[in-house]
Each structure stands twice: as C-alpha cells, then as structure tokens.
Amino acid sequence: MYLTISKRFEFAASYRYYNPALTSAENERLFGRMAGGEHGFGGNFEVWFVFSGPIDKTTGMIINVSDIKERVGELIEQRYDHKYLNINTPPFDKTIPTLEALASQLFEEVALLFGDSSASLVTCHLSDLSQSSATAYEKGKIERHYYIEFSSSRRTCSPNLSQEENEQLFGISASESPHGHGYKLKVTLSGEIDGMCGMIVDDMTVHSVLDELYQMLDHRYLNDDVEILSGMPMTTECLARVLFEWLKERLPVVRVKLWENNWFFVEYGDTVGCTMSVRSEFRAAHRLHSQYLSDAENLKLYGKCNNLAGHGHLYKIEATVGGDIDERTGALFPLDQFIEGIDRAIGPWKFCHLNNDTDDFDDFPSTSENMIKILGKRIDDSMQISLHRLRIWETPNNRFTLRKQK
Ligand code: NI
C-alpha cells in the first residue's frame, strides 16, 4: 500500500516564453503569442504538492498539513506570487518559465524545505488553469499534460453482442437512439526537456496534432462517422484505447484520460494499462483527537480540527479499478456494479459523525489517512474486482491517495 497526501496552492504571476539565445522572430516562430512582449503577460496557477511517508500512530497523519501550508506558503509568496517570473524569479531570468521548467523548479525548492521531516515530497503538479499542466516527480522525471474537449454522440454497444445483450450490459446507453457527451481528454507526454523550447515537445506541434484529433471527433456520431473507431465496441474503455494508440504514433504520449462526464473517466496507457474511475461524495462530521495525547497536546496538534463539538466536510471520493478490456463486450467492469460497490462502502458514513456514530475510529484518530485505509478495504470487500487507486478530498485543497503499488 502506498499512501500520499496532496496540498493545493495558488499563485498569480506574469511571464513570457522567450529564449534569449534566439532572435525575436525565432522566438515567435517557436512560441507564437506565448513569446509575448518585453513586459510579459499573465497567468493564474494551481500547484499540488504530494508527500509520502509512514502514518504516525499517535497523530494518525503522514505530515501535519498546517506544516505544509506554512513552509510552502511562505516560499510561494516570496518567490512566485505576484511576480514577473522572467525578472523576479531566478533561474527564469535565464531560462524559459514553461510549465515543465516551473514544475521541476518548484519540486526542487519545496523538497529542500522538508529535509527534517519523516514525509518527503514525491510529486509536484502545476496547472495554468487553462488547457495545460505539468508534473515533476522524484529523480527529475517530468510529464506534460494537454486537455481537449469535444462533443459527440454514440450508442454504447458492442458489435459482438445482440441488441438484447447490449441493453442488458449497457442499459439505456445502448438504446437505438444515440445519446451525447461533452468529453474531456487529457493527453500525457513524457520525455526529456528540449533545451531550445524548454518543453518536452513544443506547444505548436502538440496543438496541431490535437487539433487534427478534435476535428475528427467533435460533433460526430462516433459509431458511424469516425474511421478509426469503426468495427470496435463503442465503450469509453475502447474509445480511450484507440485515441491513445492514434496519439502515440504522433507524439511521445504515455497515457490518456477520457472523461465522459464529471463523475466517470477511463485512463489508458503504456504502464497503467486500462483503468476506470468513478467519483462520489458523502457528508460527514468528525473530530480529530488522539487517545495517546493529553487534551492540551491534542489542541496544539490538531488546532481547530480538535473542536469538542466537532466539524464536518463534504468528502469527495474517486475510486479506480484496473484490468483487461473484455474484447467481446469492450467493457472492463460493469459500471452499475462499480457504482453500487462504492455506494455500499460509503453508506455507513453518510450523514454521520465518524467518531460518535460509528465504531470505525474507536482505536485511532479519524484523519483522512485512516479513513482512506478503512474505505479502501471496504470497497475491495464489496466488489468482485480490486481497487487500483482511491482518492479522498477532505476539502478542495487537501487530497489523500491510496495505491496498491507505488
Ligand atoms: Ni476535518
């Protein structure tokens, strides 16, 4: 089991993509409008820092989130927030502040702040809150993500099944009249950073490939109108696989993530294989309090989360299962069974006080670290397929992730 905690920050800054070793015309050719003018332009950024480490038995935490907030918050305020990165934030006075470069730099700087901690930084995920983001990992590994959205209609069905079998498996989605989705596709590239443009592949090249894909899919009837999809089962799993294979011939793509709506998506890639994820949520109250500590120590450690009368959250969860696509049906696992399994697992916590109304936290604090371990086991027990990954958002700024393997 591999458990991480992620904390979200924001900053706003001005910047431009400009390589001083090139002429203005060359910069414009390479970066387009992103080459900007002398004084730069602006962006709002969201950055997640992901930490891993052992759960402390006494506190029930990997690391105290207020500790992350304090140390990282100060760094971001001093170096990144409301700055002109190309002037105020070395090394970006000499190098191009691309998302790849910014994510790597933030990773290095934040990792240094936690040298004394039992938790260590494992990932930094930086988004410009538009159609792009980058992820920096340990040992300098870097990924860049692009997003496109398209609207298409389809009938969810497999040509290998009878209409009756299709309707049994896919329900109303298999009905004779097509239905539609606004799809969102995340495309992940991995590789070395190109010294000339500061990116894995320059944006202009990536956008021209993604535009070709968009033209092929947007406002089409996927079952009939799109050549690369013909003859295959029309499921989100198979759709993600075909899009991945088409993109991989053109770009160093390692995986894609295809959202059918905001609560269901499929990932397909070289190392992940095929996974499907469902999001859900529940309302619960709790109180952070450790039986191993005095009242004064509890108050010092958990602060306002130690409030005697309790406090609560709208917890968001995301459960992921993985496996092989059934070539006959085109499905990985029946979606309705997946949704039911999650509902059964979160049922006992819905509209409850976790400490007072359940006995799940009699022996340890009701931290999200402990919650995710219990919930992971409960989902596993309630389904025929085992979990690949489980996420809990305690608030929009704090996320916890449990994986079977690193
Ligand atoms: Ni809480």
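The values are calculated or read from the model by the stated rules, or taken from the named source; none is laboratory data. Keep in mind the model is a prediction, meaning the values are calculated, not measured. Every residue, glycine among them, receives a Cβ derived from its backbone with ideal geometry; neighbour counts consider all protein chains shown. Areas reflect the complete protein model, heavy atoms only, side chains present, ligands, DNA and RNA absent. Shrake-Rupley method; radii C 1.70, N 1.55, O 1.52, S 1.80 Å.
Rundown of residues vs (1) among the hydroxyl-bearing types (S, T, Y); (2) surrounded by fewer than 17 Cβ atoms within 10 Å (Cβ to Cβ), yes/no style:
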residue: K83; (1), (2): no, no
residue: P91; (1), (2): no, yes
residue: T98; (1), (2): yes, no
residue: A101; (1), (2): no, no
residue: E109; (1), (2): no, yes
residue: T123; (1), (2): yes, no
residue: S130; (1), (2): yes, yes
residue: G140; (1), (2): no, yes
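Checked against the criterion of being touching a Ser or Thr at 6+ places or on another chain (Cβ under 9 Å), in the same structural domain as A345 (by TED's automatic domain parsing), open to solvent by less than 40 Å² (accessible area, probe 1.4 Å) and away from the ligand (no atom under 16 Å from the Cβ), the candidates V256, V278 yield just one match: V278. If the condition is being within 27 Å of V209 (Cα to Cα) and either without any contact (Cβ under 8 Å) to a residue 40 or more places away in the chain or assigned by TED's automatic domain parsing to the domain that holds T123 (or both), then segment 146-164 contributes only E149. A residue that is in a strand (DSSP E or B), in contact with a Pro (Cβ under 8 Å, 6 or more places away or on another chain) and either free of Cβ contacts under 8 Å to residues at least 60 places away in the same chain or open to solvent by 10 Å² or more (accessible area, probe 1.4 Å) (or both) can be found somewhere in segment 220-229.
Only residues that are farther than 30 Å from I372 by Cβ and over 22 Å from the mean Cα position of the chain (by Cα) were counted in segment 15-62, giving 28.
For segment 1-53, a residue qualifies if it is in contact with a Ser or Thr (Cβ under 6 Å, 6 or more places away or on another chain) and of a type outside the set (S, T, N, Q), and the qualifying residues are G40, G42, E46, W48, V50, G53. The residue list I5, I55 contains one member that is in the same structural domain as Q105 (by TED's automatic domain parsing), of a type outside the set (D, E, K, R) and open to solvent by 40 Å² or more (accessible area, probe 1.4 Å), which is I55.
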